[in-house]
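S.K.: Attaching a single structure in C-alpha cells format; questions to follow.
The values are calculated or read from the model by the stated rules, or taken from the named source; none is laboratory data. It should be emphasised that the depicted structure is a prediction, and the values quoted were computed from it without experimental measurement. Cβ placement follows ideal geometry from the backbone for every residue including glycine, while neighbour counts extend to all protein chains displayed. Quick note on the areas: whole protein, heavy atoms, side chains included, nothing else; ligands and nucleic acids left out. Shrake-Rupley method; radii C 1.70, N 1.55, O 1.52, S 1.80 Å.
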Amino acid sequence: MSDGLSAPPGLQGMLAAERARIEAGRAALRASYERRPLTRTLLHGHAALVDGAVVRVWQGCGMPLFAALAAVGGYGRGELFPHSDVDLLILLPAPPDADLGARLATLVSALWDIGLVIGHSVRTVDECLEVAQVDITVQTNLLEARLLTGDATLFAYFGRCYREHLDAGAFFNAKLLEREQRYARYNDTPYALEPNCKESPGGLRDLQLLGWIARAAGLGHNWRELARRRLITGNEAGDLRSCERFLQHVRIGLHYLTGRAEDRLLFDYQERLAQALGIGANAAKRASEILMQRYYLTAKKLTQINGILLLNYGAEILPGRGSPAIVINAHFQAVRELLDIRDDRVFERHPPALLDCFLLLQQRSELKALTARTLRALWVNRIRINAAFRADPANRAKFLAILQQKRGIVHAFRWMNQSGILSRYLPPWRRILGQMQHDLFHAYTVDQHTLMVLRNMRRFSMGEHAHEYPLMTRLILGFERHWLLYVAVLFHDIAKGRGGDHSVLGMADAREFCETHALASEDAELVVWLVRHHLTMSHVAQKEDTSDPQTIQRFAAIVGDERRLAGLYLLTHADIRGTSPKVWNGWKGKLLEDLFFATQRLMRGATPQQALRLDDRVEYAQQLLRYYGLRAGIEDELWAQLDAVYFMRHSAGEIAWHTRVLYHQVDTAEPVVKARVADEDEGMQVMVYAPDQKNLFARLTGFFSRMGFSILEAKVHTTRHGHALDSFMLQYAGEEGNYRDVISLIEHDLAAILCTPDKIVRPSPGRPSRQVRHFPVMPQVSLRADEAGRHYILSLTAADRPGLLFEIAEVLASHDIDVAAARINTLGERVEDTFLLTGGGLAQESRAIKVERELLERLQL
C-alpha cells in the first residue's frame, strides 16, 4: 500500500479487482477511441469508469454515512483525460476525529493503489467557503462539484451555501487576473513552437474559463445556451465546439503517446502525434508542420472568440452596462472605454474604417480596447481589404499613420494580426502566419517573432524602459523618422520559408511597400538596406575578430553612414532579443555595443587604432591600477612581454585585472588560475597564466566541459617569453548556478591539473538535446587563410552538445595547430564558432583538407 498504510485484509482483494477493472476499462476506451475518435465519449467514459471504482472503494473502506464524496474540477464536470488527476472533495459536517482521520488515510491510499492519481481535500462546508473566498483556484474547482456518494443532504447544503457566497462580478474579475498571469507565463502568445495545449493562450484552459464564468454568472452551461442568449453567434458556438474537439484530440493523443499527463507539444511528440491524429505529410510540409499550423489557427480562432465573449460577459455581469455611448464620429462611438461601431454595417458601407478604428485606439487614450461587436465585424469584413483597397492612397496614408503614432503601435499590430486585417493589407504576411522556424534558437513562429521584434523596437523609444536600454533609447530618440525602423521590422523576416536567402528575397517586398506608399527615396533605401543586412552586424560581432582594425573597416564600408549604423544596431538588438529568452545575454550585448562604437568612431574620422581606442584602453587600464593602489610603473615588466594584439583583444578592465594578478609573478613556473564573476552575474571570467605547454587549449576546454560550463569566448595569447595568457568567458551549460560558489574550486583544481604536463582528461561524452534530434544541423567547416596570410580562420557550424569544443580542440592539437583566439557563438542548440589558428602546416592544401575532414567527422552526431 502507498505511504506505508495497510488495507484491511478483506479490502486488499477488492482493490486488486478494482485495479484490474480500471486497466481493462481504460484499454477498452482507448480501443474504442482509436476505432472511432469521439472525444466526448472517451472523456465521459473515463469519468464514469472512475466514478464506479471510487464509489466502490469508498463503500469498501466503510466510510460513515454522514460524509459526502464529491468530484471537483474537470472530473466534477464529467470529463477525465486518460492520465489526468482525479480531484476529490471529502465533505464532512465537522472536522474529523482521530479514528475518522485514519479511515480517510486508508481511503486515499486505497484509491492510489487501484491506479488513480488522486488530488483530494477534506473540509467542512464552512472550511470550503472560507478557503474559496481567498483562493480563486479552490473556488473554481468547487464550482463544478458533483456528488458521487454519501450524504446528499450535506452536499445540497454545501451547494446552497456556495451559491449564496459566490459573487459573479468578483469571480469574473479574479478569473481575468488569473488569465493575465497565466498568459504572462507563456509570453502572451499562443505561437510558441512548443506550446502547452492546456495552459498556453488559445489552449483548453481558455475554453474552460469561458465555461466557468458562464456557470458562475448563470449565463449558460454550454455553447448553444450562450448563443441563445446572443452572447455569441451560432457560427461562433460551432467554432468553439470545433476548437474544443481539436484541442481535446491533441491532449488525448499526448496522454496516450507519452503514457502520462503530458500537455506540452514538444518537438519529440509532434511528428508521432500528427500520425496518431491521421495527419500526413504533403509535398511541401512534414506532418508535424501541418499539425502545428492547424494548432496555431485553432488557437488564433479561440483567442479571438474568447476576447469577444469575455467582453460580452463583462457587459452582462458588471454594473454600469447602461452607460450612454459617446459619439466620436460618423462611424464610431465610445462605450465604457471601448471603441464601438455605431452600426453593424459600418465596415461594409465604408471599408476604410477598417484602418480608422486602429488609429482611433492609438489617438484616444481613454479607449482601452474594442467592443465585442467591433471585433466580430472586423473579422467578418476583413475580406473587403482587396487590391483596390490597398491601392487607395488614403488607405496607404492611414497605414503609415498607424506606424507613426506616439502610442499603441504594438497593440494595434497585434489586433490587426489577430483579426486578419494585417495579412489582408500585406499579402506577403499571409505566408508567415503560423510558420514554424526549423532552427534551434527561435522560440516562436515567424509572424509572432516579428511582432516580438516590433515590441522590442517600440520599447526603445519609451521613457519607462530607458533604464533597461539607455543607449538604444538615446539612439532611437535621435533617429529622424524612427518609424521607418518599424517598417524594416515588419519586412526583415517576411520572406522566410520561400527558399533561398530571406534577407535578399525580403528586399523586393520591402521595396514594393516603400514605393507604393510613396516613401522618400532616401527612406526607402534605408528600409531596404536594413532588411538586406539585418543579420550582418550580428555575424560580424559574434563570428569575426572585432579587435582587428580591418574587420572594423570592412564593416564600416558595408554600413556607409551613421544613420544606417544606428538603425542596424537597433534592429539587430531588437531581433536577437525577439528570438528566444535563452538567446540573448549581456556578453552578446557587449559585443554589439563595442562594434557599434568602434565603427562610429571610425566614421567620425578616427584612425583604425583610434577607433578601437587602443591608447585610451591602455591609459584607462593604468588609471584602474592606480585606483587599486598600485604604484606607477608596476605594470611595465608584464606589459613588456605583451604585444599589440593582446591590448587589441582585451578591455581595459581585463588588462588591469590580469596585471593586478601577475605583476609580481611574471616569470613564474607555476600555473596561475584566477576567476571572477562577470558583470550582472551573467557568467564567469577565468584567466590562466602558465608556461606554454602542448595541448593546453584541449586540456582547458575539457576541464570546463567536465565542470558543466559552456565557453562563450576564448582569448588565447602567448607572451614574448613563452607563457600562455588565456582568458575565457563561461556560463553554466544547463541550469543556472551561483558562480561565486565555484570560483575557489576552479582556481584550485585547474591549477592542479596544469601542474601535470600533457595529461588530457576527456570529458564524459554528451548527448544532444531533444531539439537537436528534431532539427538536425548539417555540420559545416571552412578553413582559409586570413588576408595577411599570417593566420588561418576556422569557421564551423554544428549542433551543440556537451564536450563539443573539446572534440574540436583535440583534433587541432593532434595536428600541432595552435589556437590564437576563439569566438564561441551559441544560438540556442546551434553553435557557430570561429577560431584563429597558427601552425600545423596549414599552408599545405592536403593538410588543411585533412583537418577539415576530421573535424566534420567529429561534428557528426
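S.K.: Within segment 372-396, can you find the residues that are basic (Lys, Arg) and either buried (at least 20 other Cβ atoms within 10 Å of the Cβ) or out of contact with any Asp or Glu (no Cβ under 9 Å at 6 or more places or on another chain) (or both)?
M.R.: Within segment 372-396, ARG376, ARG382, ARG390, ARG396 meet the criteria.
S.K.: If we scan segment 485-493, do we find a residue that is in a helix (DSSP H, G or I), open to solvent by less than 50 Å² (accessible area, probe 1.4 Å) and of a type in the set (D, E, K, R)?
M.R.: no
S.K.: Could you look through segment 161-176, keep only residues that are part of a helix (DSSP H, G or I), of a type in the set (A, V, I, L, M) and touching a residue at least 40 places away in the same chain (Cβ under 8 Å), and pick out the one that is least open to solvent (accessible area, probe 1.4 Å)?
M.R.: ALA168
S.K.: Still on this structure, please answer the following. Evaluate segment 186-196: report whether one residue or more is of a type outside the set (Asp, Glu) and modelled with pLDDT of 95 or more.
M.R.: Looking through segment 186-196, at least one residue is of a type outside the set (Asp, Glu) and modelled with pLDDT of 95 or more.
S.K.: While we're here: Might you check whether a residue that is outside any helix (DSSP H, G or I), in contact with a Leu (Cβ under 9 Å, 6 or more places away or on another chain), more than 29 Å from THR551 (Cα to Cα) and aromatic (Phe, Trp, Tyr) occurs anywhere in segment 687-696?
M.R.: For segment 687-696, residues outside any helix (DSSP H, G or I), in contact with a Leu (Cβ under 9 Å, 6 or more places away or on another chain), more than 29 Å from THR551 (Cα to Cα) and aromatic (Phe, Trp, Tyr): absent.
S.K.: Here is a further query. Name the residue, out of LEU624, LEU612, that is crowded, with 19+ Cβ neighbours inside 10 Å and among the aliphatic types (A, V, I, L, M).
M.R.: One residue alone meets the criteria, LEU612.
S.K.: Since ARG146 meets every condition but one in (1) open to solvent by 40 Å² or more (accessible area, probe 1.4 Å); (2) within 30 Å of TYR269 (Cα to Cα); (3) touching a strand residue (DSSP E or B) at 6+ places or on another chain (Cβ under 9 Å); (4) of a type outside the set (Phe, Trp, Tyr), which condition does it not meet?
M.R.: Of the numbered conditions (1) open to solvent by 40 Å² or more (accessible area, probe 1.4 Å); (2) within 30 Å of TYR269 (Cα to Cα); (3) touching a strand residue (DSSP E or B) at 6+ places or on another chain (Cβ under 9 Å); (4) of a type outside the set (Phe, Trp, Tyr), the odd one out for ARG146 is (2).
S.K.: Check segment 710-725 and report whether any residue there is in contact with a Ser or Thr (Cβ under 8 Å, 6 or more places away or on another chain) and part of a helix (DSSP H, G or I).
M.R.: no
S.K.: Looking at (1) surrounded by fewer than 20 Cβ atoms within 10 Å (Cβ to Cβ); (2) out of contact with any Ser or Thr (no Cβ under 8 Å at 6 or more places or on another chain); (3) among the aliphatic types (A, V, I, L, M), which is the only condition ALA227 fails?
M.R.: (2)
S.K.: OK, next. Under 7 Å between Cβ atoms, which residue pairs at least 6 apart in sequence (or on different chains) link something in segment 379-390 that is closer than 15 Å to GLN304 by Cα with a partner that is surrounded by 16 or more Cβ atoms within 10 Å (Cβ to Cβ) and not hydrophobic (A, V, I, L, M, F, W, C)?
M.R.: TRP379/GLN304; TRP379/SER419; TRP379/GLY420; ARG382/SER419; ARG382/GLY420; ARG382/ARG424
S.K.: So in segment 116-130, with the set limited to residues that are hydrophobic (A, V, I, L, M, F, W, C) and open to solvent by less than 40 Å² (accessible area, probe 1.4 Å), which one is farthest from GLY218 (Cα to Cα)?
M.R.: Filtering segment 116-130 for residues that are hydrophobic (A, V, I, L, M, F, W, C) and open to solvent by less than 40 Å² (accessible area, probe 1.4 Å), the one farthest from GLY218 (Cα to Cα) comes out as LEU116.
S.K.: To continue, here is another question. Go through segment 643-671 and count every residue that is in contact (Cβ under 8 Å) with a residue 60 or more places away in the chain, in a loop (DSSP other than H, G, I, E, B) and not charged (D, E, K, R).
M.R.: 2
S.K.: Check off (1) at pLDDT 90 or above; (2) out of contact with any helix residue (DSSP H, G or I) (no Cβ under 7 Å at 6 or more places or on another chain) for LEU378 and give me the number that stays unchecked.
M.R.: Unmet for LEU378, out of (1) at pLDDT 90 or above; (2) out of contact with any helix residue (DSSP H, G or I) (no Cβ under 7 Å at 6 or more places or on another chain): (2).
S.K.: Still on this model: Which of the helices (runs of 4 or more DSSP H) found entirely inside segment 1-110 contain at least 2 residues meeting this: farther than 29 Å from GLN248 by Cα and open to solvent by 20 Å² or more (accessible area, probe 1.4 Å)?
M.R.: 9-35, 39-60
S.K.: Among (1) out of contact with any strand residue (DSSP E or B) (no Cβ under 7 Å at 6 or more places or on another chain); (2) in a helix (DSSP H, G or I), where does ARG481 come up short?
M.R.: (2)
S.K.: Next question. Looking at the structure I just gave you, is THR149 part of a strand (DSSP E or B) and either of a type outside the set (S, T, N, Q) or modelled with pLDDT of 95 or more (or both)?
M.R.: It is true that THR149 is part of a strand (DSSP E or B) and either of a type outside the set (S, T, N, Q) or modelled with pLDDT of 95 or more (or both).
S.K.: If I ask for residues that are part of a helix (DSSP H, G or I), open to solvent by less than 20 Å² (accessible area, probe 1.4 Å) and within 17 Å of ARG384 (Cβ to Cβ), which ones from segment 397-428 would you list?
M.R.: Within segment 397-428, PHE399, MET416, ILE421, LEU422, SER423, TYR425 meet the criteria.
S.K.: Looking at segment 708-751, which of its residues are more than 24 Å from TRP639 (Cβ to Cβ) and β-branched (Val, Ile, Thr)?
M.R.: Scanning segment 708-751 gives ILE711, VAL742, ILE743, ILE746.
S.K.: How many residues are open to solvent by 50 Å² or more (accessible area, probe 1.4 Å), outside any loop (DSSP other than H, G, I, E, B) and touching a residue at least 12 places away in the same chain (Cβ under 8 Å) when one looks only at segment 183-204?
M.R.: Total meeting the criteria: 1.
S.K.: Name the single residue that is most open to solvent (accessible area, probe 1.4 Å) among those in segment 530-588 being among the basic types (Lys, Arg) and within 26 Å of the chain's Cα centre (by Cα).
M.R.: This residue is LYS582.
S.K.: Quick check: is even one residue across segment 243-257 polar (S, T, N, Q) and open to solvent by 10 Å² or more (accessible area, probe 1.4 Å)?
M.R.: No - not one qualifying residue is present in segment 243-257.
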